[in-house]
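Encoded as structure tokens, the structure appears first; notes follow it.
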Amino acid sequence: MAKSNLQFKTNYAVSSTIEPFYKGGKVQISKDEKFIFCTCGTRVNVLQIVTGKIVHSIEQDDQEDITSFALSLDDEILVTASKALLLKQWDWKQAQCTRSWRAIHNVPVASMTFDPTSTLLATGGCDGTIKLWDVVKQYCTHNLKGSSGVVHLVEFHPDISLLQLFSSASDCGIRMWDLRSSQCLCVLQSHYSPVTSLAFTSDGASMVSSGRDKICTVWDLKSRTARRTVPVYEAVESVVLLPEDEDFSEIGVKTKEIHFITAGSKGVLRVWDASSARCVFAQTLPSAPPARGSEEGGEEYGDPRSLTYCLPLPSSLRLATVTAEHNILLYQLPSFTAQQQFVGFNDEVLDVKFLGKGDTHIVVATNSSQLKVFDLATSSCKILYGHTDTVLSLDVFKKGSLFVSCAKDKSVRVWRQDPDSGQVCCVAHGCSHGNAVGSITCSRMKESFVVSGSQDCTIKVWDLPETIPETDGDMFQLTARVTEKAHDKDVNSVAVSPNDKLLVSGSQDRLAKLWSLGPPGADLALLGVFRGHRRGVWCVQFSPMDQVLASSSADGSVKLWSLQDFSCLKTFEGHDASVLKLIFVSRGTQLLTSGSDGLVKLWTIKTNECVKTLDAHQDKVWGLHATRKDDRVVTASADSNITVWTDVTEVEQAEEQAKQEDQILKKQELSNLLHEKKFLKALGLAISLDQPHTVLKVIKAIRQGEDGAKQLEKTVLKLRQDQKESMLRYCAVWNTNARSCLDAQAVIQVMLTHLSPEELLQYQGARAHLEGLIPYTERHMQRIGRLLQASMFLDYMWQKMRVTGAPASDNQVLGSAGDQ
């Protein structure tokens, strides 16, 4: 009975996407602390902090990358600088460019900032010059020369009455400019590497500078001297002053002296007392294994956690940090607890799975050692640390809260998500493969075991304990129950049957193999080999209902195999390149496949037919997974996009049915109107149905009635303009057919008689329709002309006819009758 009620899927529609919105470069937060502005190639994206959604995307027309941007302190004006040496001013809320002008710099602009009044804009160029612009009066006010190399930092003094500008270039000095005289007042020398950021105290008397030379310097701006040099033992990218009027005693701030936060290569936020040069607080990060290589080298180079920006949100007492992996994290002060995390760029997405009791989350493996868990409702993300090299594959247990991962670091990990808080922790870990672990799968009935396939050509079965730990504090160490040399090349895919008794493996050696898992403690037993693919096998899956399995290959085909005799039952061909993933949907009656051509295809197994092709990716689609309810699908691609699709089959069928019912009702109503001779309503209804043939029937009915010509004229003239436009379009079609040309000509005659040429030409496409009427009208005139000639000849013959043998008197009568 269930089978008879089964409905095949016909289409999926995109319900949400997780796209890259930040690929490096500047990040700025609006004054009202509601939006984050960040660069992404040719665009500046505006992220709403509350929802995590991109609300505006400001894109350059010239498709040139944006080198820098600045948002005015009143949140009104956004100015962008591109490689085309153009400055553009935007009304960012409408995503409209209000003005653009040449930057005058000979090379791209590297840095820019607004003054506190939002009227002056300073731009620092790669040519060592600084230019100031009055954005209200729209002219260049200053051209400051003297810096050597790229001016990568420009900042106005917070007290605008002083009219001072600070800048730093490749020469490592901080230049202090007087904007009244356009002169450099002094060069503050302390750093031996480029200065990365400046932070001013609220009274404007002091300033803290940071650099990659592992020191921060506190400056007295009145005497223009260094008051204190603080060694911080890491390359600092950003420095932020702690608010002076808040209580930060819980993090060790005991005095009212200057305290500042540093963010840099170690990826840890630290609070420093400027007067004593002591670190009073250091943030503790989530547990992660030490980086490969020496500890110092791991911190300095290539650590994905290293911070590139730190931005204050003073009103809400929060802090935003940007990591080297383009993740944006929001912390609440003074506790330094992470509130929100946004992933700016996923790089190449290698796998994705639905997670959680109601499939509310997705877990994503990107080209990184971290896993990312997204909440689909808010796009907020949790980053999971554990693996030390790229995570390659994922799988989720039936209940949805426990999942497994494997990576290039030769290990497998088991993770648990707390269903209430959403927190995720690693609860088990196993490591005995000799090479990268490329595929992993879970037991289907109970949370009892995990199977992994590796590039060392082996398959391992890992038994899970009966009670799995709840937290990462007592992590369980997994040991492999079975190790089997399964293939001659990399094992690309493994899958467990729905009853947990069988295992299938697919390999680069072009074979898929079926194994018996047997009772706990038993070895794997090879049951059969599936041969037929011409290239490596990328994915294997058991059907949830029938005794068949499906495999996909780099030869572009998908094959369905019998578990009884290992024969190939069906072959599905349609992808132009490797088929990377496949899943069964609709209770095993349909297949979804994804390929390196960026396409996702829906197949009906019974008919071998490709029902639908979904095209939303530009690169290889590595990830493909369906929810337990079978109503949504998630795809993930090497183009860094993750797309969630919703099954819209029932919605589309309901719409189609409603449309058909509406058509039937309207046709019945039309028939009633014609019967009641309500021609105007009938004509309007026929036009609304957009059925030219039905409209023609109404026109014929009007012309065949009493006083047809007058009735037609009266009806046509009462139509609305859009209806007359449709009539003109229909007439151009009717006029091509001799059967309907007279009706078309009758309507055109009414229009040409009562409408002026100016009115007609205002109609959409009127010129084209009228031009289309001319040749056919000429052809109809020629045909009528020939018909008239033929009828005249018939008349002539009639005049000359004489009935043979008729008396002359009869001929005269006939002649006179002919004259009449």
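The values are calculated or read from the model by the stated rules, or taken from the named source; none is laboratory data. Note that the coordinates shown come from a computational prediction; the quantities given were computed from them, not determined experimentally. For neighbour counting, all protein chains shown are included, and Cβ atoms are generated from backbone atoms with ideal geometry for every residue, glycine included. These accessible areas exclude ligands, DNA and RNA; they are computed on the full protein's heavy atoms, side chains included. Shrake-Rupley method; radii C 1.70, N 1.55, O 1.52, S 1.80 Å.
Within segment 119-160, the residues that satisfy the criterion of being polar (S, T, N, Q) and modelled with pLDDT under 90 are 138, 147, 148. Out of 474, 420, one residue alone is among the acidic types (Asp, Glu) and within 20 Å of residue 355 (Cα to Cα). It is 420.
Checking each residue of segment 400-413 against the condition of being within 22 Å of residue 475 (Cβ to Cβ), open to solvent by less than 20 Å² (accessible area, probe 1.4 Å) and outside any strand (DSSP E or B) gives at least one match.
Filter segment 435-450 for residues that are touching a Lys or Arg at 6+ places or on another chain (Cβ under 7 Å) and over 16 Å from residue 400 (Cα atoms) and give the result. Residues satisfying the conditions are 435, 436, 437. Per the listing 280, 271, 239, 232, the residue uniquely among the hydrophobic types (A, V, I, L, M, F, W, C) and at pLDDT 95 or above is 239. Would you pick out the residues in segment 543-572 that are open to solvent by less than 20 Å² (accessible area, probe 1.4 Å) and out of contact with any Phe, Trp or Tyr (no Cβ under 8 Å at 6 or more places or on another chain)? Within segment 543-572, 556, 562 meet the criteria.
Report whether or not residue 73 is touching a Leu at 6+ places or on another chain (Cβ under 6 Å), at pLDDT 90 or above and over 22 Å from residue 195 (Cα atoms). Judged against the criteria, residue 73 is not a match. Return yes when residue 245 is open to solvent by 40 Å² or more (accessible area, probe 1.4 Å) and more than 19 Å from residue 173 (Cβ to Cβ) and no when it is not. In short, yes. For segment 166-197, the set of residues classified as within 19 Å of residue 131 (Cα to Cα) and open to solvent by 20 Å² or more (accessible area, probe 1.4 Å) consists of 170, 171, 175, 178, 180, 181, 182, 183, 184, 185, 186, 187, listed by residue number. How many residues are within 20 Å of residue 176 (Cα to Cα) and either of a type outside the set (Asp, Glu) or at pLDDT below 90 (or both) if we restrict to segment 85-117? Residues flagged as within 20 Å of residue 176 (Cα to Cα) and either of a type outside the set (Asp, Glu) or at pLDDT below 90 (or both) within segment 85-117 amount to 8. The residues on offer are 111, 118, 161, and the sole one that is out of contact with any Gly (no Cβ under 9 Å at 6 or more places or on another chain), under 25 Å from residue 60 (Cβ atoms) and of a type outside the set (A, V, I, L, M, F, W, C) is 118. Out of the residues in segment 590-630 that are among the aliphatic types (A, V, I, L, M) and within 17 Å of the chain's Cα centre (by Cα), which is nearest to residue 536 (Cα to Cα)? Among those that are among the aliphatic types (A, V, I, L, M) and within 17 Å of the chain's Cα centre (by Cα), it is 621. For residue 58, the test of being of a type in the set (Val, Ile, Thr) and part of a strand (DSSP E or B) is passed. The strands (runs of 3 or more DSSP E) found entirely in segment 87-165 that carry 2 or more residues being surrounded by fewer than 14 Cβ atoms within 10 Å (Cβ to Cβ) are 96-102, 139-144. Only one entry in 357, 353 is open to solvent by 40 Å² or more (accessible area, probe 1.4 Å) and farther than 23 Å from residue 27 by Cβ, namely 357.
Tell me which of these residue 250 doesn't satisfy, since it passes every other one: (1) closer than 20 Å to residue 313 by Cα; (2) open to solvent by less than 20 Å² (accessible area, probe 1.4 Å); (3) at pLDDT below 95. Every listed condition holds for residue 250 apart from (2). Being open to solvent by 20 Å² or more (accessible area, probe 1.4 Å) and farther than 20 Å from residue 384 by Cα is a property that holds for residue 447. For segment 554-582, the set of residues classified as under 22 Å from residue 502 (Cβ atoms), outside any loop (DSSP other than H, G, I, E, B) and among the aromatic types (Phe, Trp, Tyr) consists of 561 only. Of the residues making up segment 742-779, those that are within 51 Å of the chain's Cα centre (by Cα) and either under 25 Å from residue 698 (Cα atoms) or in a helix (DSSP H, G or I) (or both) number 24. Of the residues making up segment 519-542, those that are touching a strand residue (DSSP E or B) at 6+ places or on another chain (Cβ under 9 Å), modelled with pLDDT under 90 and open to solvent by 40 Å² or more (accessible area, probe 1.4 Å) are 520, 521, 523. Put simply, of 711, 653, 668 the only residue that is surrounded by fewer than 19 Cβ atoms within 10 Å (Cβ to Cβ), part of a helix (DSSP H, G or I) and in contact with a Gly (Cβ under 8 Å, 6 or more places away or on another chain) is 711.
Restricted to segment 671-704, and to residues that are more than 19 Å from residue 745 (Cα to Cα), part of a helix (DSSP H, G or I) and of a type outside the set (A, V, I, L, M, F, W, C), which residue is most open to solvent (accessible area, probe 1.4 Å)? Within segment 671-704, the match that is most open to solvent (accessible area, probe 1.4 Å) is 675.
Listed here are the residues, each with its yes/no results for (1) surrounded by 16 or more Cβ atoms within 10 Å (Cβ to Cβ); (2) of a type in the set (Phe, Trp, Tyr).
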| residue | (1), (2) |
| --- | --- |
| 14 | no, no |
| 18 | yes, no |
| 21 | yes, yes |
| 36 | yes, no |
| 53 | no, no |
| 65 | yes, no |
| 68 | yes, no |
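In a residue-by-residue description of segment 329-344, the property of being under 30 Å from residue 444 (Cβ atoms) and either surrounded by 23 or more Cβ atoms within 10 Å (Cβ to Cβ) or out of contact with any helix residue (DSSP H, G or I) (no Cβ under 9 Å at 6 or more places or on another chain) (or both) applies to no position. Picking from residues in segment 464-474 that are in contact with a strand residue (DSSP E or B) (Cβ under 6 Å, 6 or more places away or on another chain) and surrounded by fewer than 17 Cβ atoms within 10 Å (Cβ to Cβ), the one that is farthest from residue 515 (Cα to Cα) is 471. Within the span defined as segment 755-765, one or more residues are in contact with a helix residue (DSSP H, G or I) (Cβ under 6 Å, 6 or more places away or on another chain) and crowded, with 19+ Cβ neighbours inside 10 Å. Filtered by the rule that a residue be of a type in the set (A, V, I, L, M), in a loop (DSSP other than H, G, I, E, B) and within 24 Å of residue 263 (Cα to Cα), segment 166-216 gives 169, 205.
If you go through segment 384-396 and keep only what is open to solvent by 20 Å² or more (accessible area, probe 1.4 Å) and either touching a strand residue (DSSP E or B) at 6+ places or on another chain (Cβ under 7 Å) or of a type in the set (Phe, Trp, Tyr) (or both), you end up with 385, 389, 392.
Yes or no: segment 714-730 includes at least one residue that is modelled with pLDDT of 80 or more, surrounded by 13 or more Cβ atoms within 10 Å (Cβ to Cβ) and in contact with a Pro (Cβ under 7 Å, 6 or more places away or on another chain). Yes; the residues of segment 714-730 include at least one that is modelled with pLDDT of 80 or more, surrounded by 13 or more Cβ atoms within 10 Å (Cβ to Cβ) and in contact with a Pro (Cβ under 7 Å, 6 or more places away or on another chain).
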